[in-house]
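Read through the structure below, which is laid out as structure tokens, and then see the notes.
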Amino acid sequence: MKYIFPAIIKHTKDDKSFPNGVYEVSFPDLAGCLTFGKTIEEAFNNAQDALNGMLWTLEDDEKQTIPKPSEFQSIEHDGDSIVTLVEADTLEYRKKYDTKAIKKTLTIPA
């Protein structure tokens, strides 16, 4: 499935492990879906990975439902952060990362 969720990206210098600061990414509609990056590009790529992983987990868990994404304009944030949209394609993500073994019968020429 393809999804698009809003994310909030904020640059912070609170972490002593990153003296130049770090970009923190959170998804208001998905509690616990957080990531970061040393650069904005890394943060955005990590956001896609985190979103795909979270949605994959929610798709597989029969007790959980995937929440409807909030409207982009309704996301509240402070002036030090930006709101962006992050796309996830769980079918492609599964093809790339699913390592579940399957049994196949194969016939080849002698």
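Listing for the model above:
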| item | result |
| --- | --- |
| Every residue from segment 45-66 that is part of a loop (DSSP other than H, G, I, E, B) and either open to solvent by 70 Å² or more (accessible area, probe 1.4 Å) or under 22 Å from SER17 (Cα atoms) (or both) | GLU62, LYS63, GLN64, THR65 |
| Selected residue [in contact (Cβ under 8 Å) with a residue 12 or more places away in the chain, over 19 Å from the mean Cα position of the chain (by Cα) and under 24 Å from ILE40 (Cα atoms)] from ASP89, ASP80 | ASP80 |
| When residues of segment 92-110 are limited to those that are of a type in the set (A, V, I, L, M) and open to solvent by 100 Å² or more (accessible area, probe 1.4 Å), the one nearest to THR12 (Cα to Cα) | ILE102 |
| In segment 9-22, the residues that are under 19 Å from GLU76 (Cβ atoms) and open to solvent by less than 30 Å² (accessible area, probe 1.4 Å) | ILE9, THR12 |
| PRO69 being surrounded by 11 or more Cβ atoms within 10 Å (Cβ to Cβ) and either over 10 Å from the mean Cα position of the chain (by Cα) or part of a strand (DSSP E or B) (or both) | yes |
| Residue in segment 29-44 that is most open to solvent (accessible area, probe 1.4 Å), counting only those that are within 13 Å of the chain's Cα centre (by Cα) and more than 16 Å from LEU58 (Cα to Cα) | PHE36 |
| Selection from segment 1-22 of residues that are of a type in the set (Gly, Ala, Ser) and either in contact with a helix residue (DSSP H, G or I) (Cβ under 7 Å, 6 or more places away or on another chain) or assigned to a strand (DSSP E or B) (or both) | ALA7 |
| Subset tally (residues that are in contact with a Gly (Cβ under 7 Å, 6 or more places away or on another chain) and either assigned to a strand (DSSP E or B) or closer than 17 Å to PHE72 by Cβ (or both)) for segment 23-43 | 1 |
| Single residue of segment 72-91 satisfying the filter (assigned to a helix (DSSP H, G or I) and open to solvent by less than 100 Å² (accessible area, probe 1.4 Å)) that is farthest from LEU51 (Cα to Cα) | SER74 |
| Members of segment 21-40 that are free of Cβ contacts under 8 Å to residues at least 12 places away in the same chain and not aliphatic (A, V, I, L, M) | GLY21 |
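Quick grid of which residues meet (1) of a type in the set (S, T, N, Q); (2) modelled with pLDDT of 95 or more:
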position	(1), (2)
SER26	yes, yes
ALA50	no, yes
GLY53	no, yes
GLU76	no, no
ASP89	no, yes
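The values are calculated or read from the model by the stated rules, or taken from the named source; none is laboratory data. The shown structure was predicted, so the numbers you read here are calculated from the model rather than taken from an experiment. We place every Cβ from the backbone using ideal geometry, glycine too, and count neighbours over all the protein chains shown. These area figures cover heavy atoms from the full protein model, side chains too; ligands, DNA and RNA do not enter into them. Shrake-Rupley method; radii C 1.70, N 1.55, O 1.52, S 1.80 Å.
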